Ligand code: HEC
Ligand code: HEC
């Protein structure tokens, strides 16, 4: 009897003192996350609503914007990230060095395709995926689970496929061998991807601001403490760990912090933007503030 009484008293005192604070903190975090999801969902829509009448003058198309266009197609209209992500359904292309991967697969005994280089390998992977099925993702000799990219429902044009090849070749620092498109067949001039080559953020500060990092982290002008201080992150984490913390925050949770960092930054950031942020964070705290003000490029 007495023991039971003390027990229930204890439980009561816990409920009265401890729990409400935790609940408040949690509710606050949930609200924050909701706000961020809201912002994240809002941004692309706002962009999408803007009238896009400008057609790209192909003569003015640079390799940089062709690469950026490929990245957008990869993450958007091409639906590649539906399967090619960290969930293991298909090779995690954004995390792999794909030029090196292509080379490795081309020299495999199992390889029965006709490609001679990474450009050919990427094109063949998209147009005739069953020519070579990556071990562990389907069976050799059986049709690949990967859809044929120039057929419905995905149905990318040659120019769009070229842009993705440029992106795959460039994303790990390589030089694209694919040529810029010269003339566009009439039906492609309306293509949404062509009508507005995506803009890469100017510098790391712009990327951080655009993605709302300062709301949770001490960085730039912010002193937020929901996540660890990013001005000193270079003292705790290597470049690779910083990159991983952004792409895949769930992999390692910083001690003493809740696992609430959004997990979709890899999809929202261009590879170039991610690299700018990683560079910036890997240097912040090691270099005087004036040097972080340097102009991009
Ligand atoms: C429905 C799921 C799915 C979609 C969508 C998809 N893929 Fe794949 N892809 C796979 C699978 C599974 C493999 C591995 C089997 C194989 O090699 O055919 C693969 C393999 C590849 C490879 C070869 C990878 C390697 O390691 O050699 C490339 C390159 C590739 N895909 C590019 C793309 C691109 C670009 C897109 C978007 C335009 C895309 N995929 C869309 C499922 C998909
Ligand atoms: C909603 C709040 C929130 C936002 C927005 C957010 N983070 Fe985080 N971040 C966290 C929390 C909480 C942690 C610690 C838990 C963990 O490791 O996942 C963290 C961890 C990190 C770490 C690892 C730090 C360490 O010391 O281990 C890095 C790096 C990082 N965030 C970078 C970023 C960048 C860059 C952005 C913007 C692109 C961003 N975060 C946006 C909450 C956020």
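The numbers here are math on the coordinates, done by the rules we state, and not lab data. Since the model is a prediction, treat every value here as computed from it, not as a measurement. Glycine also receives a Cβ, built like all others from the backbone with ideal geometry; neighbour counts cover every protein chain displayed.
Annotation: the residues 66, 132, sorted from fewest to most other C-beta atoms within 10 Å of their own C-beta, follow the order 132, 66. Listed from fewest to most Cβ neighbours within 10 Å, the set 146, 276, 29 follows the order 29, 146, 276.
Look at the alpha carbon pairs under 8 Å that are at least 6 residues apart: their mean separation over the length of region 200-289 gives a relative contact order of 34 percent. Ordering 201-213, 86-98 by mean Cβ neighbour count within 10 Å, with the highest value first, yields 201-213, 86-98. Using C-alpha pairs below 8 Å separated by at least 6 residues, the relative contact order for region 123-187 is 22 percent. The residues 232, 62, 218, when put in order of fewest to most other Cβ atoms within 10 Å, stand as 62, 232, 218.
Set the Förster distance to 51 Å, then compute FRET efficiency between residue 254 and residue 116 from the Cβ-Cβ distance, nearest 0.05.
On the way: r = 46 Å, r/R0 = 0.90.
For residue 254 and residue 116, the calculated efficiency is 0.65.
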